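Notes for the one structure printed next.
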Amino acid sequence: MTDVITTTNLEKQYSNTLAVDNLNLAVEEGSVFGFLGPNGSGKSTTIGMLMGLIQPTRGEATVAGINPESDPVSVRSQTGVLPEGFTPYPTLTGRDHLKHVAELRGATVDADDALARVGLTEAKDRQASGYSKGMTQRLGLATALIGNPAVLILDEPFAGLDPDGSQIVREVVEQERERGTTILFSSHILGEVQVLCDHIGILSEGQLLTRGEPGDLQREAGLRSKIHVSIDGGQQKVAEAASNISFAEVVSTSDGEATLTYDSDNSHLDVVRALEANGGEVTDAVVDEPTVEDIYRAFT
C-alpha cells in the first residue's frame, strides 16, 4: 500500500521549544489516521508543516508525493483542510462562501449540494457571520471538500458540534473513505477516533510515542478484554466452567456469574465456547472491550 502522507526526521524548533521532535510518520492511501495528543503535543505544528504553512527546522514531509516546503501550492491543490478554529468570510452567505473559495482554487462546486451534504441547506443564504459554532464547523468541512481532494486533513473536526453535527461528520468521513480519500484527523474526542480510524498515532511533547492499528496497540499496551457471563448452575458449576482456560483469567465468580479477562488475540466467542466445553451453560454475556481512550492513557 502506498504511503500518501510521510514525515522523515521532521522537527520544528521555536526558540527554546522543540515543538516537533524527530517525527517519522506514514499514512497509507485510502486510510483514516487518527492523530492524537494533548494540547501542545505538536499536532497543529505538524499539520502546518504538511501544508507548507510552517517551515521545518529539520527533516522533510511529503503529501501525495509532493514536498510542501518546496511546492506548497501543489500540495494544497491535492489537499482539503479543515483547520482548527476555521473562520469563514463573514460578509458572504454560505453558498457564496463556497463559490468564492472554489474560484480561488480554480475548482468547480455545486454549492447547494455541498451545503446539503453537511446539513446547511436552510442556512445557505444566511451570512456566515451569523452561523453558530457548529454551523461554522460544518461550513468549514464543506469548504475542505471542494474539488474532491485526494487528501483530507481535519484538525479537531468535532469541535463545537452537537450530536447531529457529529453524525454528519462521521458520515462524510465514511463516504470519503469509500471514495478512496486519505484522511488524517486530530481529535480530543477519543470515541470518534475509535469509530472511524484504521490506524492511530499518539504524539506527546512533539514525539510520536506509538502508532498502529487499535488492536495492535491494545496488545502493546497490555490491555485485555473483559467478559461478564451468566452460567446456569451454582457457585461450584461456575467455578468449574471458568477454570483451566489458557487464554483467559478469572477475575471473580459468584452464584451464577463469572468475570474473566482474555487476550486480544481471542474473541468473546472463544471464551463462551471454552466455558461451555468445561460444562457451563452460558445464558448471557456482556463484553467490555478496551477503548482508544484506554490505549491513549496507557501510552501517555
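Selection of the stretch 98-124 for residues being over 29 Å from the mean Cα position of the chain (by Cα) and outside any helix (DSSP H, G or I) yields only Gly106. Counted as qualifying within the stretch 1-84 are the strands (runs of 3 or more DSSP E) with 3 or more residues that are surrounded by fewer than 23 Cβ atoms within 10 Å (Cβ to Cβ), namely 3-14, 17-28, 58-63.
The listed residues are Thr253, Thr182, and the only one of them that is out of contact with any Leu (no Cβ under 8 Å at 6 or more places or on another chain) and surrounded by 15 or more Cβ atoms within 10 Å (Cβ to Cβ) turns out to be Thr253.
Total residues in the stretch 143-158 satisfying the condition of being surrounded by fewer than 18 Cβ atoms within 10 Å (Cβ to Cβ) and not polar (S, T, N, Q): the figure is 1.
Only one entry of Gly34, Gly40, Gly52 meets the criterion of being assigned by TED's automatic domain parsing to the domain that holds Leu141 and in contact with a strand residue (DSSP E or B) (Cβ under 8 Å, 6 or more places away or on another chain), and that entry is Gly34.
The set of residues from the stretch 186-200 being of a type in the set (Val, Ile, Thr) and either buried (at least 22 other Cβ atoms within 10 Å of the Cβ) or part of a loop (DSSP other than H, G, I, E, B) (or both) comprises Ile189, Val193, Ile200. Could you list all residues from the stretch 125-138 that are more than 12 Å from His97 (Cβ to Cβ), assigned to a helix (DSSP H, G or I) and polar (S, T, N, Q)? Listed by number, the list holds a single entry, Gln137.
Scanning the stretch 216-226 for any residue that is touching a residue at least 60 places away in the same chain (Cβ under 8 Å) and out of contact with any Ser or Thr (no Cβ under 8 Å at 6 or more places or on another chain) turns up at least one such residue.
Scanning the stretch 128-142 turns up one or more residues that are farther than 30 Å from Thr17 by Cβ, of a type in the set (D, E, K, R) and surrounded by 17 or more Cβ atoms within 10 Å (Cβ to Cβ). Taking the criterion of being more than 20 Å from Thr291 (Cβ to Cβ) and either in contact with a helix residue (DSSP H, G or I) (Cβ under 6 Å, 6 or more places away or on another chain) or in contact (Cβ under 8 Å) with a residue 60 or more places away in the chain (or both), the residues of the stretch 249-268 that qualify are Val250, Thr253, Asp255, Ala258. Looking only at the stretch 131-145, decide whether some residue is among the small types (Gly, Ala, Ser) and touching a residue at least 60 places away in the same chain (Cβ under 8 Å). Yes, the stretch 131-145 contains a residue that is among the small types (Gly, Ala, Ser) and touching a residue at least 60 places away in the same chain (Cβ under 8 Å). Residues considered: Ala221, Ala241, Ala277. Of these, the only one that is surrounded by fewer than 13 Cβ atoms within 10 Å (Cβ to Cβ) and either touching a strand residue (DSSP E or B) at 6+ places or on another chain (Cβ under 6 Å) or of a type outside the set (S, T, N, Q) (or both) is Ala277.
The values are calculated or read from the model by the stated rules, or taken from the named source; none is laboratory data. The model shown is predicted, which means the values in this text are computed figures rather than measured ones. All Cβ positions, even for glycine, are placed from backbone atoms using ideal geometry, and neighbour counts span all protein chains on display.
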